[in-house]
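Only one structure is covered here, and it is reproduced in the block below.
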Amino acid sequence: MLRTETYTVNFGPQHPATHGVFRVMLNLDGERIVKAEPVCGYLHRGVEKLAENRTYQQVIPYTDRLDYLAAGLQNQGYVETIEKLMEIEVPDRAEYLRIITAELSRIASHVLFVGVYALDIGAFTGFLLCFRERERILDLMEELTGSRMTYSYARIGGVAADAPEGWLDRVEKVVNDLPYYFDIYDDLISGNEIFQARTKYVGYLSAESAVDYSLSGPTLRGSGIDYDLRKAKPYSIYDRFNFEVPLGENGDCFDRYFCRILEMRQSVYILQQAIEQIRETDGPIMAKVPKVLKPPKGEAYHEIESSKGILGYYVVSDGSNKPYRVHVRRPSFVNLGFLDEMCRGGLVADLVAILGSIDIVLGEVDC
Amino acid sequence: MDNKLDSVIKELQEKFSEIKVSEQQVVTVPVEQLTSFMQMLKDEYYMDFLTNVTAVDYPSDKNQNGEEDDEEDKGTMEVIYNVNSITEGYTLMVKTSVARQNPKLPSMFSVWGGAHFQEREVFDLLGIIFTDHPDLKRILLDDSFKGYPLRKDFQWVGGRK
């Protein structure tokens, strides 16, 4: 009789399919995974500690560098928390500009996910294809904020600058072009037989364990749980838009992937409404906020739906101009908590498919 | 604010006489009752989603200047749990506080699996020990790292002040 022994293999930290510096300690029995232990922290910069020695405004650029693929969302989450703490009302036009940058960020992040996921599975064409569309969005963002990825565009009380002349028309053009690209993704990637063979019925995640393990975003919705904060607890002005929350059925890698494709189509829908509505909204883009911010003693916790899941900020103020404590609830970090159990019993090759389908960003995981 | 949440908090106050509720509807629970309180939130009030776990260090004034800890240190650490209900839509912030000298409290892993990673993070950065946690070890910092950086008396070498 054949006797087998388990052995350990290190996946990462220097491995392109980990999307950064991330390591999984694999315990293997032949090709089967017995245990997959995630090891993170290679990119830990101590943002939470650094924030304690910065003024409230100085923290904004640090939030860019958490999820650097969707910085617009990270900025929005932080400034809304401070606004909640100080009870600042943001002008309408600023809210619309924030929604537009946030949704563009979400699409940019999801587009990159689609490309990188195709690459993970082995389709190099998909990777290059998706960068083309992302570039168009980044060009728009550069024109508005002066930066391709680290925007720091949302400010406490409003936004940094109004849209330049003609910018909204250019956004509208790109937004209207996007569904055509999504159709191409469906043709090339979603409908691809090899892609489906690699992702369907792989990395099953039941709805119960997804909720139990606090997973969020498309990872949760891929298992069929209808929980999108934009709908469940509308923040900002999301109650003014019509959109749907796409859900998966099987809770496998393909559903998590396809949820994101459908979500991008909904983001396009939101953007079209936002552009239409902002054209009729004039007015200031900053609320009256003192130069030196000293929020009253207290605390605030606020969460938004980022591209990866629920992004929460917990801020404690001691009445001075620097936060006493800032904590970020990072969706990528929490979503990793279930990786081990999703991988168990699967093949080594499936690990890449599963890890890719969670869509992590190491800047956010390690904070 | 939320009427549903109001009635939930009222019911909870009747069942647990020792909890305190602030104006912002933040519930403070004594450590001894934490597990039974959380279990009840999950079982009877459909609070099925633990979004956030974090902690804040509140040393006594003396310790803030970086002086040595003494035996009669009155400082505390607050552990904060944010719990959502997917089905009912409400959300609740629960707090508990532990002594800085001996920061220990029961792990919520038995109630919500999501506590696993986040409690490890709190342990890593603040040195709070969660008893009965299945795998309590450092998660972001190196295993050989000394000290807990998010404590207020943590001294680091160099760097911008």
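The values are calculated or read from the model by the stated rules, or taken from the named source; none is laboratory data. In this text, all values refer to a predicted model and were calculated from it rather than measured experimentally. Positions of Cβ are backbone-derived with ideal geometry, glycine not excepted, and every protein chain shown enters the neighbour counts.
Only residues that are aliphatic (A, V, I, L, M), in contact with a strand residue (DSSP E or B) (Cβ under 7 Å, 6 or more places away or on another chain) and within 14 Å of A:Tyr314 (Cα to Cα) were counted in segment A:69-92, giving 3. Does B:Ser97 count as surrounded by fewer than 17 Cβ atoms within 10 Å (Cβ to Cβ) and either modelled with pLDDT under 90 or small (Gly, Ala, Ser) (or both)? Spelling it out, it is not the case that B:Ser97 is surrounded by fewer than 17 Cβ atoms within 10 Å (Cβ to Cβ) and either modelled with pLDDT under 90 or small (Gly, Ala, Ser) (or both). Looking only at segment B:118-139, residues that are at the interface with another protein chain (Cβ under 9 Å from one of its Cβ atoms), buried (at least 21 other Cβ atoms within 10 Å of the Cβ) and either within 21 Å of A:Glu208 (Cα to Cα) or more than 15 Å from the chain's Cα centre (by Cα) (or both) come to 2 in all.
One residue alone among A:Ser223, A:Ser216 is within 14 Å of chain B (Cβ to nearest Cβ), free of Cβ contacts under 8 Å to residues at least 60 places away in the same chain, outside any helix (DSSP H, G or I) and crowded, with 18+ Cβ neighbours inside 10 Å, and that residue is A:Ser223. Checking each residue in segment A:15-38 for being farther than 30 Å from A:Arg325 by Cβ and hydrophobic (A, V, I, L, M, F, W, C) picks out A:Ala17, A:Val24, A:Met25, A:Leu26, A:Leu28, A:Ile33, A:Val34, A:Ala36.
Tell me, which helices (runs of 4 or more DSSP H) wholly within segment A:249-362 include 2 or more residues that are under 30 Å from A:Glu89 (Cα atoms) and of a type in the set (S, T, N, Q)? Let's see the steps before the verdict.
Values: elements: A:253-278, A:331-335, A:339-343, A:348-358.
Qualifying helices (runs of 4 or more DSSP H): A:253-278.
Looking at A:Glu276, A:Glu244, A:Glu280, A:Glu263, which one is touching a residue at least 60 places away in the same chain (Cβ under 8 Å), among the acidic types (Asp, Glu) and within 30 Å of A:Ala163 (Cα to Cα)? Let's see the steps before the verdict.
Numbers: A:Glu276 fails: touching a residue at least 60 places away in the same chain (Cβ under 8 Å); A:Glu244 fails: touching a residue at least 60 places away in the same chain (Cβ under 8 Å); A:Glu280 fails: touching a residue at least 60 places away in the same chain (Cβ under 8 Å).
Within the list A:Glu276, A:Glu244, A:Glu280, A:Glu263, the selection yields A:Glu263.
So which residues in segment A:221-242 are among the hydrophobic types (A, V, I, L, M, F, W, C) and out of contact with any Asp or Glu (no Cβ under 9 Å at 6 or more places or on another chain)? Passing the criteria: A:Ile225, A:Phe241.
Any residue at all in segment A:33-50 that's hydrophobic (A, V, I, L, M, F, W, C), more than 21 Å from the chain's Cα centre (by Cα) and within 14 Å of chain B (Cβ to nearest Cβ)? Looking for residues that are hydrophobic (A, V, I, L, M, F, W, C), more than 21 Å from the chain's Cα centre (by Cα) and within 14 Å of chain B (Cβ to nearest Cβ), one finds at least one in segment A:33-50, hence yes. A search for C-beta distances below 6 Å between a residue of segment A:339-367 that is more than 14 Å from chain B (Cβ to nearest Cβ) and any residue that is part of a loop (DSSP other than H, G, I, E, B) and charged (D, E, K, R), counting only pairs 6+ apart in sequence or on different chains, returns A:Leu347/A:Glu31; A:Val348/A:Glu31; A:Asp359/A:Lys308; A:Val361/A:Asp67.
Residues A:Gly46, A:Gly12, A:Gly41: which one is closer than 30 Å to A:Lys322 by Cα, small (Gly, Ala, Ser) and either crowded, with 20+ Cβ neighbours inside 10 Å or in contact with a helix residue (DSSP H, G or I) (Cβ under 7 Å, 6 or more places away or on another chain) (or both)? Give the steps one after another, and end with the answer.
Numbers: A:Gly46 fails: either crowded, with 20+ Cβ neighbours inside 10 Å or in contact with a helix residue (DSSP H, G or I) (Cβ under 7 Å, 6 or more places away or on another chain) (or both); A:Gly12 fails: closer than 30 Å to A:Lys322 by Cα.
Of A:Gly46, A:Gly12, A:Gly41, the one residue that is closer than 30 Å to A:Lys322 by Cα, small (Gly, Ala, Ser) and either crowded, with 20+ Cβ neighbours inside 10 Å or in contact with a helix residue (DSSP H, G or I) (Cβ under 7 Å, 6 or more places away or on another chain) (or both) is A:Gly41.
Residues that are within 11 Å of another protein chain (Cβ to nearest Cβ), under 24 Å from B:Gly75 (Cα atoms) and of a type outside the set (D, E, K, R) within segment B:140-161 comprise B:Phe145, B:Tyr148, B:Pro149, B:Leu150, B:Phe154, B:Trp156, listed in sequence order.
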